[in-house]
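Read the structure below first, then the notes.
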Amino acid sequence: MSKKVKNSFLGFLKGFHYAAKGIWKVARTERNFKIHLTIVLLVAVAGFMFSVSATEWMMIVLVTGLVLSAEMFNTAIESLVDRVSPEYEKTAGQIKDIAAGAVLITAVAAAVVGVIIFGPKIFG
C-alpha cells in the first residue's frame with residue numbers, strides 16, 4: 001500500500017473518530033438527546049417483541065436516525081448561535097427556535113410512523 005493511500009485511509013478513519021466524539025459529547029450532555037435515545041431503545045425492544053417486518057425496521061431505523069440527527073444539528077446550531085451572539089438578540093432566538101422546530105417535525109413524523117407500525121400490533 002502506498003504512503004499516500006495509507007495516509008488517506010488513516011484520515012478517513014480519523015473522520016469516524018471525530019464523528020464518534022461528537023455523538024458521545026451530545027449523548028453525555030444534552031437532555032433531549034438522552035430522551036430520544038431512551039425512546040429509540042424502547043422502540044427497538046418493542047420491535048423485537050412484536051416481530052416487526054424488515055420494511056418496518058427500515059422505517060424505524062430511518063425515522064430514528066432522522067430524529068437523532070436533527071437533535072444533533074439543533075445542538076450544533078444552538079452552540080454556534082450562543083457563541084456568536086452571547087447576549088440575547090431576537091434573530092439569534094429565532095434561529096434557535098427554527099432549529100428546535102425542525103427537531104419537533106422529525107419527532108412528530110417518527111411518532112406517526114410508530115403509531116402506524118405498532119398501533120395495529122397493540123390494539124389490533
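A few points about this structure:
- Close Cβ contacts (under 7 Å, 6 or more residues apart or on different chains) running from residues in region 18-40 that are at positive phi and modelled with pLDDT under 95 to residues that are surrounded by fewer than 10 Cβ atoms within 10 Å (Cβ to Cβ) and of a type in the set (V, I, T) are absent.
- Output for region 74-124, where each listed residue is over 24 Å from the mean Cα position of the chain (by Cα) and surrounded by 14 or more Cβ atoms within 10 Å (Cβ to Cβ): S85, K121
- Test: residue in region 6-14 that is in contact with a helix residue (DSSP H, G or I) (Cβ under 8 Å, 6 or more places away or on another chain) and not in a loop (DSSP other than H, G, I, E, B): no
- Residue match in region 103-119 (condition: part of a helix (DSSP H, G or I), under 20 Å from V26 (Cα atoms) and among the aromatic types (F, W, Y)): no
- Per-region count, region 86-103, residues among the hydroxyl-bearing types (S, T, Y) and modelled with pLDDT of 95 or more: 1
- Flag for G65 being under 14 Å from the mean Cα position of the chain (by Cα), within 29 Å of I117 (Cα to Cα), at pLDDT 95 or above and surrounded by fewer than 14 Cβ atoms within 10 Å (Cβ to Cβ): yes
- Count of region 32-62 residues which are charged (D, E, K, R), under 11 Å from the mean Cα position of the chain (by Cα) and closer than 23 Å to I117 by Cβ: 0
The values are calculated or read from the model by the stated rules, or taken from the named source; none is laboratory data. Source: prediction; values computed, not measured. With ideal geometry, Cβ positions are generated from the backbone for all residues, glycine too; neighbour counts draw on all protein chains shown.
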